[in-house]
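Beneath this line is the structure, given in structure tokens, with notes to follow.
The values are calculated or read from the model by the stated rules, or taken from the named source; none is laboratory data. Computed from a prediction, not measured in an experiment: that's the story for all the values here. With ideal geometry, Cβ positions are generated from the backbone for all residues, glycine too; neighbour counts draw on all protein chains shown.
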Amino acid sequence: MGYKRVVQATPLIRERCRELVLDNDKLRKIMEVFLNNVHRGLRKDTHPTSIVKCFPTYVQDLPNGTETGKFLALDLGGTNFRVLLIELSHEHFEMKSKIFAIPQHIMLGSGEQLFDHIAECLAIFVKEERVADQKLPLGFTFSFPLSQTGLTVGYLERWTKGFNCSNVVGNDVVQMLNEAIDRRGDIQIEICAILNDTTGTLMSCAWKNHNTRIGLIVGTGSNACYVEKQENAETWNDVDMGSGNVLINLEWGAFGDDGALDFVRTEYDEDIDRNSVNPSKQKQEKMISGMYMGEIVRLALERFTKDGLLFGGKGSDMLFERGRFYTKYVSEIESDPPGVFNNLRDICEELGLKHASEQDYINVRYICECVSRRSAHLVSAGLATLLNKMGEKKVTIGIDGSVYRFHPHFHNLMMEKIKELADPSIEFDLMLSEDGSGRGAALVAAVAARLQKEKQAVQT
Ligand code: BGC
């Protein structure tokens with residue numbers, strides 16, 4: 001009487017989940033290898049064979065708050081495709097947007113179909129917004145690995161996140177979009193920048209907070225970019241417009257594709273990879289991001305149920321169905337206070353697991369926690385590596401993505417772990433980006449326009 005029962009996962013479940021726990025020794029090992037990968041990506045001689053690509057983005061300058069104008073933006077690369085109209089004025093911006101679905105047959109169809117679809121959505125939008133008669137500058141947030149040779153030239157290196165359209169890899173996606181627009185012949189657009197969502201996130205946070213030096217996405221996919229000195233970015237070959245810096249799109253999702261993370265990958269990670277549209281690619285992303293997190297949990301639940309450790313050994317068709325345990329469940333389950341299982345009870349009912357016991361709830365929550373913590377810890381190890389490398393004393397990290405936004409503890413897990421792993425003299429904070437992919441695209445376009453104007457003013 002009077003004692004609160006200790007709510008703990010059963011010892012066998014804890015034991016089986018041990019492989020999902022990354023202690024600081026393992027994380028430090030990961031940091032060391034990751035840093036090495038970053039150096040390889042930056043150096044000219046090792047770049048071609050490097051796993052972490054460190055692509056220069058051709059964005060050299062951060063916004064200074066004076067950017068103004070009316071811009072269109074496209075945002076492709078998460079769960080949705082969006083078209084936006086953005087008006088920047090000093091310290092203020094307005095935005096209208098429309099979301100369009102990208103049906104599965106287009107995600108896996110031909111490149112021409114994909115870009116025709118994008119051009120069609122764009123045409124619908126500019127007509128609805130009554131700006132079809134203006135030739136507005138457009139920033140294209142295209143959140144896949146691009147090898148760039150300029151601000152408006154980007155060759156697709158590989159598809160990720162469930163996309164697999166034919167005849168795009170190796171091609172310049174700006175040119176493909178321009179061709180699709182020309183095929184229609186009913187709209188006029190000037191594409192003035194192509195960028196990654198991490199770049200957009202960094203730019204949109206930097207607009208408000210001038211210490212922003214890193215952009216991070218933990219959403220459908222995962223990736224980061226950061227401010228590097230041009231002299232360190234050996235594959236960069238453009239003129240310095242004055243800052244001496246260039247943003248580097250790390251493409252850290254590919255980390256581990258050479259086996260570097262095999263010492264911490266589990267049978268669930270291997271299963272996810274084998275059954276994806278891009279086997280043996282994006283191995284770190286598959287351990288971190290929202291496209292896979294729910295499925296990792298489901299695979300563990302399936303295995304433990306079949307081994308008689310959960311639900312009295314009796315699962316359900318839905319529990320055993322690929323993709324049926326959504327990542328949002330993980331956030332919902334962990335949003336209940338400890339010892340309360342309101343969301344989890346509903347989810348179990350939804351999955352045909354009415355027979356779940358209180359101990360099952362405790363166990364399932366524990367498994368979710370292990371998987372989401374591991375993700376937050378891997379992200380933190382990557383960020384701590386960058387913070388240590390950059391050597392700046394005060395850094396804001398701009399962040400976007402559904403996992404960071406909706407998981408109730410992700411932010412705190414990251415704060416705690418980065419503090420443990422980064423040099424203690426570095427001050428950092430984590431800032432949620434307000435629509436980096438949209439506003440960031442407008443900002444990249446606007447900064448490019450501002451620099452161009454400044455350059456012309458100097459020449460005349
Ligand atoms: C892509 C990156 C992108 C990230 C987040 C990854 O799959 O390769 O370019 O930044 O997802 O959207």
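Tell me, please, whether a residue that is in a loop (DSSP other than H, G, I, E, B), among the hydroxyl-bearing types (Ser, Thr, Tyr) and modelled with pLDDT of 90 or more can be found in segment 71-90. No - not one qualifying residue is present in segment 71-90. The condition of being at pLDDT 95 or above and of a type in the set (A, V, I, L, M, F, W, C) holds for only one of Leu122, Leu136, Leu108, that being Leu122.
All conditions in (1) in a helix (DSSP H, G or I); (2) within 13 Å of the ligand (Cβ to nearest atom) hold for Glu231, with the sole exception of (2). Within segment 128-144, work out how many residues are more than 19 Å from Arg450 (Cα to Cα), in a strand (DSSP E or B) and more than 9 Å from the ligand (Cβ to nearest atom). Matching residues across segment 128-144 total 1.
Taking every residue in segment 300-322 that is under 15 Å from Arg14 (Cβ atoms) and pairing it with any residue that is surrounded by fewer than 15 Cβ atoms within 10 Å (Cβ to Cβ), at least 6 positions away or on another chain, the pairs with Cβ-Cβ distances below 6 Å are Leu309/Leu12. Starting from residues that are surrounded by 24 or more Cβ atoms within 10 Å (Cβ to Cβ) and in a loop (DSSP other than H, G, I, E, B), keep the ones in segment 213-228 and report whichever is farthest from the ligand (Cβ to nearest atom). Ranking the qualifying residues of segment 213-228, first place goes to Gly219.
Listed by position, the helices (runs of 4 or more DSSP H) contained in segment 351-460 that have at least 3 residues being touching a Cys at 6+ places or on another chain (Cβ under 8 Å) and under 26 Å from Gly323 (Cβ atoms) are 358-390. If we scan segment 392-400, do we find a residue that is surrounded by fewer than 23 Cβ atoms within 10 Å (Cβ to Cβ) and in contact with a Phe, Trp or Tyr (Cβ under 6 Å, 6 or more places away or on another chain)? Yes: one or more hits. Exactly one residue among Glu295, Glu270, Glu285, Glu321 is surrounded by fewer than 22 Cβ atoms within 10 Å (Cβ to Cβ) and in a helix (DSSP H, G or I), and that residue is Glu270.
Considering every residue within segment 204-212, establish whether at least one is within 16 Å of the ligand (Cβ to nearest atom), crowded, with 19+ Cβ neighbours inside 10 Å and either at pLDDT 95 or above or of a type outside the set (Phe, Trp, Tyr) (or both). Yes, because at least one residue in segment 204-212 is within 16 Å of the ligand (Cβ to nearest atom), crowded, with 19+ Cβ neighbours inside 10 Å and either at pLDDT 95 or above or of a type outside the set (Phe, Trp, Tyr) (or both).
Based on what the data block shows, is Ser147 within 30 Å of Gly65 (Cα to Cα) and either in contact with a Ser or Thr (Cβ under 6 Å, 6 or more places away or on another chain) or within 16 Å of the ligand (Cβ to nearest atom) (or both)? Judged against the criteria, Ser147 is a match. Residue count for segment 44-68, restricted to those that are more than 16 Å from the ligand (Cβ to nearest atom) and farther than 23 Å from Asp238 by Cβ: 3.
Determine which member of the set Met176, Met203 is of a type outside the set (Gly, Ala, Ser), out of contact with any Lys or Arg (no Cβ under 6 Å at 6 or more places or on another chain), within 21 Å of Gly69 (Cβ to Cβ) and not in a strand (DSSP E or B).
Working: Met176 fails: within 21 Å of Gly69 (Cβ to Cβ).
Only one candidate passes the filter, namely Met203.
When you check Gly382 against the structure, is it of a type outside the set (Val, Ile, Thr) and surrounded by fewer than 19 Cβ atoms within 10 Å (Cβ to Cβ), yes or no? Judged against the criteria, Gly382 is not a match. Checked against (1) within 12 Å of the ligand (Cβ to nearest atom); (2) of a type in the set (D, E, K, R); (3) at pLDDT below 95, Asp240 meets all criteria but (1).
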